[in-house]
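Chemist: What follows is a structure written as structure tokens; I'll ask about it next.
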Amino acid sequence: MGKYIGPKNKLSRREGVNLFDKAKNPLSRRNYPPGVHGPKGYPRLTTYGIQLREKQKARRIYGIREKQFRNYFDKALAKEGDTGHNLLQLLESRLDNIVYRAGLADTRAQARQLVNHGFFLVNGRKVNIPSFQCRVGDVVTIKENKKEKKIIKDLTAKWKNRKEIPGWLAIDIEAGSIKVVTKPEIDESTLLFDLRSIIEFYSR
């Protein structure tokens, strides 16, 4: 019997990119879609199909359900400025994403779980909602009675060696804090999905 391929790996193979921040890329062993027809390779997609796939990639990367993702798009559309840029800022401003981007979690899924379990405070107040929107000036800290938990000790030990911290965040490892210093600024060329295609999908 072949090695078990988990559902997250199957989703990554379905989208053709590594979606879940794993160190080991599931596409390195089977670089084709799951299922009996997978070895034939990725099918040719229509314009709609391409747009749908890009939207699904983004939704799965951030761990967001369809209705919530659509709500983010509607908010981005209602704001002044570029809709794609607005959408990306809303996604990046989520509390779970900030914990992940700052290096205090190995994956967004882990960050989401830590937030759910009440490991963090925002401006001194407990927040256990992963989708909580952080603003410029907000300070995220590890709750005092959680600092001795093994998972936090392990993560903070690795935190000291984390090099790729976005410029819009400032971290204080000794204090166990993350500060949002500016609005999220992400280089779109580094994204695993195409923002334009997502905007076009919802604008049909």
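The values are calculated or read from the model by the stated rules, or taken from the named source; none is laboratory data. The shown structure was predicted, so the numbers you read here are calculated from the model rather than taken from an experiment. Ideal geometry is used to build each Cβ from the backbone, glycine not excepted, and the neighbour counts take in all protein chains shown.
Chemist: Please enumerate the residues belonging to the range 76-90 that are part of a helix (DSSP H, G or I) and either over 24 Å from Arg101 (Cα atoms) or not β-branched (Val, Ile, Thr) (or both).
Modeler: Ala76, Leu77, Ala78, Gly84, His85, Asn86, Leu87, Leu88, Gln89, Leu90
Chemist: Kindly indicate whether any position in the range 68-79 is outside the structural domain of Lys143 (by TED's automatic domain parsing) and among the small types (Gly, Ala, Ser).
Modeler: yes
Chemist: If Leu90 passes every condition in (1) modelled with pLDDT under 95; (2) on the phi < 0 side of the Ramachandran plot but one, which one does it miss?
Modeler: Status for Leu90: all satisfied but (1).
Chemist: Only one of Lys160, Lys149, Lys153 is of a type in the set (D, E, K, R), at pLDDT below 95, surrounded by 13 or more Cβ atoms within 10 Å (Cβ to Cβ) and more than 19 Å from the chain's Cα centre (by Cα). Can you tell me which?
Modeler: Criteria check complete, one pass: Lys149.
Chemist: Consider Asp138 carefully, then state whether it is among the acidic types (Asp, Glu), touching a strand residue (DSSP E or B) at 6+ places or on another chain (Cβ under 9 Å) and touching a residue at least 24 places away in the same chain (Cβ under 8 Å).
Modeler: yes
Chemist: Restricting to the range 170-189, count the residues that are in a strand (DSSP E or B) and either on the phi > 0 side of the Ramachandran plot or of a type outside the set (A, V, I, L, M, F, W, C) (or both).
Modeler: Going through the range 170-189 one residue at a time, the tally reaches 3.
Chemist: Also: Can you tell me which residue in the range 114-132 is farthest from the chain's Cα centre (by Cα), limited to those that are surrounded by 13 or more Cβ atoms within 10 Å (Cβ to Cβ) and among the polar types (S, T, N, Q)?
Modeler: Asn128
Chemist: Here's another thing I want to ask about it. Which one of Ala111, Ala102 is modelled with pLDDT of 95 or more, assigned by TED's automatic domain parsing to the domain that holds Thr156 and closer than 20 Å to Ala175 by Cα?
Modeler: Ala111 is the lone residue from the list that is modelled with pLDDT of 95 or more, assigned by TED's automatic domain parsing to the domain that holds Thr156 and closer than 20 Å to Ala175 by Cα.
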